[in-house]
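The values are calculated or read from the model by the stated rules, or taken from the named source; none is laboratory data. Just so you know, these numbers come straight off a predicted model, no measurement behind them. We place every Cβ from the backbone using ideal geometry, glycine too, and count neighbours over all the protein chains shown. Just so you know, the surface numbers come from the protein's heavy atoms only, side chains and all, with ligands and any DNA or RNA stripped out. Shrake-Rupley method; radii C 1.70, N 1.55, O 1.52, S 1.80 Å.
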Amino acid sequence: MSAADQLIQDITREIAALPKGRYGEVILADDRFADLPAPEDFLFPEPDVRDGPSEGAPFGNVAANPCLLGCYWPMHNSPGQIDLFEGNLRRFYWSLVGALRHDFPSLFTRDLEGALHLVVKKTDYHERFHFHSDVLRQLSGSPFDPLHEEALAVAWSRMTLLGEHGNSKIWQVNRVFHDRLLGAAFAFRSPGYRDWPNYADEPRFKLAWLNYLSPRSSRRLEANGVGNLQDLMFGLLGQVAGGCVDHLV
């Protein structure tokens with residue numbers, strides 16, 4: 001089980017244990033939201049890709065990073081590593097629910113579970129983008145640009161969430177609640193992260209992703225009439241197998 005799935009499973013149990021009203025609506029006591037940071041406090045992160053060995057590194061210290069949701073440690077002599085900050089993700093999730101709950105007459109279990117999947121997967125997808133970028137940049141020889149990569153990671157995470165359909169719990173929630181939650185969860189304000197709207201749709205993202213990887217032969221291939229390089233490089237995202245481990249911290 002992935003770290004993200006484990007955290008979702010744990011918080012889902014909390015949601016199931018909440019008291020219900022006459023019509024099945026979840027009763028959310030005010031004390032659940034006492035002393036939580038505002039959602040905005042989690043939306044001014046510094047770049048979350050760190051160099052050097054991950055074991056025992058201060059970046060993994062939750063106490064020193066009270067609003068950090070996740071981080072990625074690049075591959076060197078070991079697999080890449082994703083750390084999801086369990087306590088911070090819990091607080092971010094409940095802070096978002098707390099900020100939005102008064103705007104809705106009732107919220108049901110499916111609404112809270114869908115919100116949970118969105119919040120946790122949003123961060124997991126973000127860190128997995130850094131892993132895929134790590135691999136593909138090493139193949140292409142392109143340099144690492146922290147702020148540009150953060151903007152692309154946010155955009156890819158959001159596109160991936162929006163692309164989930166079918167049985168995804170994210171799409172089983174109150175539609176207005178979903179839209180408000182999505183907007184609030186991606187309201188980044190820090191450098192790099194806040195630039196994700198520049199790549200919010202697939203055409204702009206594909207072009208920026210190809211330019212970021214800058215394969216040495218791409219210009220020559222394009223000059224020779226190869227016209228689907230953007231689709232080719234975009235299709236590699238999410239296709240790397242192995243080479244990464246994840247943890248709840």
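Just to verify a result, which residue in the range 85-117, among those that are aromatic (Phe, Trp, Tyr) and part of a loop (DSSP other than H, G, I, E, B), is nearest to the chain's Cα centre (by Cα)? So that I can check it myself, show each step before the final result.
Kept after step one, since they are aromatic (Phe, Trp, Tyr), are these residues of the range 85-117: 85, 92-94, 104, 108.
From what's left, part of a loop (DSSP other than H, G, I, E, B): 85, 104, 108.
Numbers: PHE85: 12, PHE104: 25, PHE108: 24 Å.
Within the range 85-117, the match that is nearest to the chain's Cα centre (by Cα) is PHE85.
Among residues of the range 187-198 that are closer than 15 Å to PRO39 by Cα, those with a beta-carbon under 8 Å from a residue that is β-branched (Val, Ile, Thr) at least six positions away or on a different chain give the pairs PHE188/VAL154.
Consider the range 93-123 and keep the residues that are surrounded by fewer than 23 Cβ atoms within 10 Å (Cβ to Cβ) and among the acidic types (Asp, Glu). The one that is nearest to SER157 (Cα to Cα) is GLU113.
Filtering the range 195-215 to residues that are open to solvent by less than 40 Å² (accessible area, probe 1.4 Å), of a type outside the set (Gly, Ala, Ser) and closer than 24 Å to GLY141 by Cβ leaves PHE205, LYS206, TRP209, LEU210, TYR212, LEU213, PRO215.
How about the range 154-188: which of its residues are of a type in the set (A, V, I, L, M) and not in a helix (DSSP H, G or I)?
Initially, the range 154-188 is screened for residues of a type in the set (A, V, I, L, M), giving 154-155, 159, 161-162, 170, 173, 176, 181-182, 184-185, 187.
Across the range 154-188, the qualifying residues are VAL173, ALA187.
Residues in the range 46-84 that are open to solvent by 20 Å² or more (accessible area, probe 1.4 Å), at pLDDT below 70 and outside any loop (DSSP other than H, G, I, E, B): PRO58, GLY60, VAL62, ALA63, ALA64. Condition check for ARG13 on (1) open to solvent by less than 20 Å² (accessible area, probe 1.4 Å); (2) at pLDDT 95 or above: one failure, at (1).
Quick one: in the range 139-153, of everything that is outside any helix (DSSP H, G or I) and not aromatic (Phe, Trp, Tyr), which residue is nearest to LYS121 (Cα to Cα)?
Per the criteria, the residue is ASP145.
Kindly provide the set of residues from the range 13-42 that are part of a helix (DSSP H, G or I) and in contact (Cβ under 8 Å) with a residue 24 or more places away in the chain, ordered by number. It would help to see each step written out before you state the result.
Here is the first cut: in the range 13-42, the ones part of a helix (DSSP H, G or I) are 13-16, 30-33, 39-42.
ILE15, ALA16, ARG32, PHE33, PRO39, GLU40, ASP41, PHE42 - these are the residues of the range 13-42 that are part of a helix (DSSP H, G or I) and in contact (Cβ under 8 Å) with a residue 24 or more places away in the chain.
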